[in-house]
Amino acid sequence: MRNKTNKIAVMASGKGSNLAVILNAIEKGECAADVEVVICDKPNAGALAIAQDAGVPHVLFMNPKEYNSREAFDVACAEVIQKAGCQLIVLAGYMRILSPAFIQMFPEQIINIHPSLLPAFKGADAVGDALKAGVKVSGCTVHMVSEELDSGKILAQACVPVLEDDDWHSLHARIQEQEHKLYPQVVHQLVL
Ligand code: GAR
């Protein structure tokens with residue numbers, strides 16, 4: 001059995017609303033995780049400021065351009081995460097595909113949230129693809145990260161209606177409401 005710790009690392013590329021709700025749930029005592037590390041691959045990611053404001057001990061912008069390969073970048077991230085003692089990695093709008101080397105270093109320890117009901121609409125624009133397909137129901141999925149993109153074990157899902165007049169932003173906003181309920185709960189269950 002692995003030596004359990006509540007310490008988690010969050011990797012994000014964007015505005016960081018999922019990171020914010022996880023931090024908020026921790027603050028309210030609803031999530032037993034301890035966010036030790038936040039890594040962003042974009043210098044202007046909102047997640048950086050959110051993490052800094054919350055007093056996360058290790059907040060890093062890691063620049064992929066400073067590394068020779070995807071593997072080298074991922075190994076550098078893995079070193080930070082391991083050194084900080086995190087045993088769960090939470091991808092929260094992290095838009096880089098992780099290399100197999102990284103995934104193999106953390107078996108069953110990386111989770112992701114994806115804005116569709118997987119296995120439908122894998123890939124970078126799940127919301128746009130759902131709209132184009134004309135589905136009447138979509139949602140979000142929390143899943144284990146495996147080497148095949150958006151294909152690891154499904155841990156939790158929530159669904160939302162797709163309305164006639166939805167555009168990308170209205171549908172994404174409705175999906176995010178569900179993400180914000182689901183992700184802190186799943187993180188809590190995994191660190192217990
Ligand atoms: C979320 O909707 C998440 O599902 C999506 O990025 C958004 C990040 O929002 N992730 C993916 O599309 C991964 N393929 P946030 O920065 O506000 O947390």
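A DSSP coil position with no more than 13 other Cβ atoms inside 10 Å describes the following trypsin sites (Lys or Arg not before Pro) in the stretch 1-83: Arg2, Lys4, Lys28. Among Asp150, Asp34, Asp125, the residue with the largest mean-square fluctuation in a Gaussian network model of the chain, with springs joining Cα atoms closer than 10 Å, is Asp125.
Under 18 Å of direct C-alpha separation, and excluding same-chain neighbours fewer than eight residues apart, Lys15 reaches these aspartates and glutamates: Asp41, Asp53, Asp125, Glu177, Glu179. Beta bridges from DSSP with both residues in the chain: antiparallel share about 40 percent, rounded to the nearest 5. For a straight C-alpha distance cut-off of 25 angstrom, the lysines reachable from Lys83 (same-chain residues fewer than eight places away being disregarded) are Lys4, Lys7, Lys42, Lys65. Taking Ile175, Ile97, Ile113 as the candidate residues, the one with maximal mean-square fluctuation in a Gaussian network model of the chain, Cα springs under 10 Å, is Ile97.
What angle do you read, to the nearest 10 degrees and between 0 and 90, between the alpha-carbon axis of helix 70-83 and the longest principal axis of the chain? Long axis of 70-83 versus the principal axis of the chain: about 60 degrees. With the cut-off at under 20 Å, measuring from each backbone N in the stretch 145-182 to a point 7 Å along the Cα-to-Cβ line of Lys122 picks out 145-158. Given axes a ≥ b ≥ c from the Cα gyration tensor, I'd like to know whether the stretch 107-192 is rounded (a/c under 1.5), prolate (a/b larger than b/c) or oblate. Cα axes put the stretch 107-192 in the oblate bin. Applying 1/(1 + (r/R0)^6) with r as the Cβ-Cβ distance of Tyr67 and Leu163 and R0 = 41 angstrom yields a FRET efficiency of 0.45. Rolling a 1.4 Å probe over the heavy atoms of the protein chains gives the chain an accessible area of 49 Å² per residue.
The angle between the Cα long axis of helix 168-191 and the longest principal axis of the Cα atoms of the chain comes to about 40 degrees, rounded to the nearest 10. GNM remark for the chain: springs join alpha carbons under 10 Å apart, and the peak mean-square fluctuation among Val137, Val90, Val59 falls on Val137.
Compared with the dominant principal axis of the Cα atoms in the chain, helix 17-27 is inclined by about 60°. The label point for Val137 and the one for Arg96, both projected 7 Å from the Cα toward the Cβ, are 3.7 nm apart.
Think of it as helices only: each DSSP H run of n ≥ 4 in the chain is worth -39500 (n - 2.57), and spread over all residues that comes to -11500 deg cm²/dmol at 222 nm. Rounded to 0.05, the FRET efficiency of the Ala76 and Gln185 pair, given R0 = 30 Å and the Cβ-Cβ distance, is 0.45.
Just want the answer: with Cβ charges of +1 for Lys and Arg and -1 for Asp and Glu, which residue in Ala133, His169, Val191 is farthest toward the dipole's positive end in the stretch 123-192? Sorting the options by dipole projection puts first Val191.
Heavy-atom surface analysis with a 1.4 Å probe gives the stretch 5-95 a carbon and sulfur content of 48 percent of its accessible area. In a reduced charge model with +1 at each Lys and Arg Cβ and -1 at each Asp and Glu Cβ, the chain shows a dipole moment near 320 debye about its Cα centre. Straight-line cross-link reach from Lys122 at under 20 Å between alpha-carbon atoms covers these lysines, not counting any fewer than eight positions away in the same chain: Lys132, Lys136, Lys153.
Per the Kirkwood formula applied to alpha carbons, the chain shows a radius of gyration over Rh ratio, Rg over Rh, of 0.95.
The values are calculated or read from the model by the stated rules, or taken from the named source; none is laboratory data. Treat the numbers as computed from the prediction; the structure is a model and nothing was measured. Every residue, glycine as well, gets a Cβ built from its backbone with ideal geometry; the counts of neighbours run over all protein chains shown. For the accessible areas, the whole protein counts, side chains as well, though only heavy atoms, and no ligand, DNA or RNA atoms are used. Shrake-Rupley method; radii C 1.70, N 1.55, O 1.52, S 1.80 Å.
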